[in-house]
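K.L.:
Sharing a structure with you now.
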Amino acid sequence: MQAADQKSVAIIGAGIFGLSLAVALCDKNYAVTVFDRNAYHENGYDPGDDYAQAASVDLNKIFRASYGTKLHYQRLAMESRKAWVIEDEKRGFLGANDANGGRLFVNSGMLRVQPTNHLDTLEKETLANMERDGLRDTQFVKSSLDDRERAENLGWKAKLLDFDIPEASPVQTFDAVLDSLAGFVRCSSACAYWYEIAVAKGVKFHFGKKGAVESLVKRPSSDGTPKDRVTGLKTQDGVIHNADTVVVAAGSFSTQVLPELSYHLESSAGSVASFKIDPSQKDLWEKYSPEKFPVITWKATPRNRSGKDTGSIYILPRTPEGYIKIGFRGIKFTNFQPAPEGTTFTQDGKWSVPLPADESKALPEPAVYAIKQFVSIFLPEFENIPFSTTKLCWYTDSLDNSFVIDYVPDFADKSVFVCTGGSGHGAKFLPVLGEHAAEIFENGDRSTSYMRSFWRWRPEAPRRNGLEDGPGGPRDISGAFA
Ligand SMILES: Cc1cc2nc3c(=O)[nH]c(=O)nc-3n(C[C@H](O)[C@H](O)[C@H](O)COP(=O)(O)OP(=O)(O)OC[C@H]3O[C@@H](n4cnc5c(N)ncnc54)[C@H](O)[C@@H]3O)c2cc1C
């Protein structure tokens, strides 16, 4: 029962952003109800569900604290890392124990493979920031004898893998930096776990038709301002749910729920493919296990000699089910469609939104090409093996790659708050994101969160991060299928 002095909050979206905020607001004594059109209470955030259409519903996502010059995200990642470890310990996973693939955070390490046989500029900046925060000892540069020795002493050397640079004569290998702080989080399992935490704390959930939000309910503000006040939301079953504040945490569908977000956000597709290994393939099963194989990211020179994109690829170690997941982010594909009338920001009357689930299975030709190039260098055993799965997973890109967590000034009485804009790097922050967001929710400009200035509503910020491309641009998916 909601106490008389308790404020009610309705959160749209039970992905990482919605769940994390729900738990943190509940801890601050708000009466929280979460709405999601997926039936997570029945399928436990099943990563095999192709129709879930949520970035958080996935086998795994990379955890890294390396953020180039963005020291604030480096710090947030370290805060989050600590929290993941504590959570795993509470669940009985001490040290490196990953019995039955049960950990949420796996410290497999991450090898940042360079485009060439030496370190690039971003890598040097990352190492400098690691140094500044006293973390340089956690990074091992492959070409440094001192670092290799340290890696050996600390048990990390086997993950400083060598990969030949194609066509280099004489033979050369890519330089690389092994980040021993990094690894991956088991994303779907983490959501299922946070859902249970939320339920235990008293957060209410509505799923499926009862959780699918059709519209926000508005009325003119009582204080005479021309702004509307949002008083709640209406779900697909026709029920109206009242709330003091509605939070939009609907991931790549956030602009469709709240078109006022259209200047800040754009949905774009990441291309994901996987191979499946059977436990009977003992050598491969071992070789690609998280104990033996790190996460690998590779930022090749973006184009090969014929002008095709081959870079910005990542791979995660084998899952307990046998999947090796490869992602291509060299081109985040846009899907421009006519925007509804009255949308506050459009490009030629259009905006980029996710394709329907059944059109999000095949990968565009440039992605397939790039992944195959990568496989030929990094996973030679799979060069002629067909992918086991392929999927477009939709990003919620913000105009500057930082999240958008703030009240929406277009509405009166702080009645609408947004918590979204994950921009391809939000999953790792699940354990701490909500605490920062809830602090901002309570205190706005007086918030003490060091993320406040980065996450605020920022209509004056230039629209960069690829969001300036628009329809017909180089990332438009309509021309990308062979
Ligand atoms: C390809 C790809 C790779 C990524 N890699 C990484 C990585 O390596 N590391 C990392 O940290 N992060 C990564 N991310 C980012 C991370 O996955 C996201 O930041 C995070 O999952 C976003 O969570 P969310 O809750 O905002 O959105 P989502 O997970 O999309 O959840 C939004 C929820 O809202 C619901 N919803 C939408 N509309 C409605 C409606 N009308 N009514 C009710 N419910 C609705 C959806 O069903 C969904 O459950 C990656 C993202 C992508 C796409």
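A short reminder: the numbers here are calculations on the coordinates, not readings from a lab. Quick caveat: nothing in here was measured; it's all calculated off a predicted structure. A quick note on method: Cβ atoms are made from the backbone with ideal geometry, for glycine too, and the neighbour counts reach across all protein chains shown.
K.L.:
In degrees between 0 and 90, to the nearest 10, how far off the longest principal axis of the chain does helix 71-90 point, with axes built from Cα atoms?
P.N.:
Result, in degrees: 90.
K.L.:
Shifting gears a bit: Over 23 Å between Cα atoms, which of 299/372; 227/350; 28/201 qualify?
P.N.:
227/350
K.L.:
Let me ask something additional. Using only Cα atoms, locate the centre of the range 362-388 and the centre of the range 88-164, then give the distance between them in Å, rounded to an integer.
P.N.:
25 Å
K.L.:
Then there is this: Among 115, 96, 77, which residue has its Cα furthest toward the positive end of the charge dipole of the range 28-128, with +1 on Lys/Arg Cβ and -1 on Asp/Glu Cβ?
P.N.:
77
K.L.:
Another one. Would the range 189-340 count as rounded, prolate or oblate if I go by the C-alpha gyration tensor, calling it rounded below 1.5 in a/c and otherwise prolate when a/b exceeds b/c, oblate otherwise?
P.N.:
Oblate is the answer for the range 189-340, as a/c is 1.5 or above yet b/c matches or exceeds a/b.
K.L.:
Do any of 157/391; 90/361; 282/361; 292/391 go past 32 Å between their Cα atoms, and which?
P.N.:
Beyond 32 Å: 157/391; 90/361.
K.L.:
Could you pull out the pairs from 82/428; 287/428; 287/325 whose alpha carbons sit more than 19 Å apart here?
P.N.:
Those over the limit are 287/428.
K.L.:
Right, another one. Farthest toward the dipole's positive end in the range 387-482, which of 465, 392, 440, given Cβ charges of +1 (Lys, Arg) and -1 (Asp, Glu) about the Cα centre?
P.N.:
392
K.L.:
Using a 10 angstrom Cβ neighbour count of at most 14 plus a DSSP loop assignment to flag exposed GluC sites (Glu not before Pro), which longest range of the chain is free of such sites?
P.N.:
Longest site-free region, per DSSP loop and neighbour criteria: 1-166.
K.L.:
Right, something else. Within 10 Å of each residue's Cβ, count the other Cβ atoms and sort 156, 455 from fewest upward.
P.N.:
Going from sparsest to densest Cβ surroundings: 156, 455.
K.L.:
Continuing with this model, one more query. Quick one: angle between helix 16-27 and the longest Cα principal axis of the chain, in degrees between 0 and 90, rounded to 10, please.
P.N.:
That works out to roughly 50 degrees.
K.L.:
Out of the trypsin sites (Lys or Arg not before Pro) in the range 27-80, which ones are loop residues according to DSSP with at most 16 other C-beta atoms within 10 Å?
P.N.:
Passing both the DSSP loop test and the Cβ count: 28.
K.L.:
Determine the distance separating the Cα centre of the range 448-467 from the Cα centre of the range 31-51; give it in Å without decimals.
P.N.:
Answer, in whole Å: 29.
K.L.:
Please report 40, 288, 369 as a ranked list, fewest other C-beta atoms within 10 angstrom at the top and most at the bottom.
P.N.:
369, 288, 40
K.L.:
Still on this structure: Calculate how steeply helix 121-132 sits against the longest principal axis of the alpha-carbon atoms of the chain, using the helix alpha-carbon long axis, and give the answer as 0 to 90 degrees to the nearest 10.
P.N.:
It works out to around 80 degrees.
K.L.:
Moving on to the next point. To the nearest 20 debye, what charge dipole does the range 150-291 have about its Cα centre, counting +1 at the Cβ of each Lys and Arg and -1 at the Cβ of each Asp and Glu?
P.N.:
The calculation lands at about 860 debye.
K.L.:
Can you give the convex hull volume of the alpha carbon atoms of the range 57-109 per residue, in Å³?
P.N.:
94 Å³
K.L.:
Let me know the charge dipole size of the chain about its Cα centre in debye, to the nearest 20, where only the beta-carbon of Lys, Arg (+1) and Asp, Glu (-1) is charged.
P.N.:
For the chain, the charge dipole is close to 240 debye.
K.L.:
How large is the dipole of the range 1-157 about the Cα centre if only Lys and Arg carry +1 and Asp and Glu carry -1, each at its Cβ, rounded to the nearest 20 debye?
P.N.:
With only Lys, Arg, Asp and Glu charged at Cβ, the dipole is about 360 debye.
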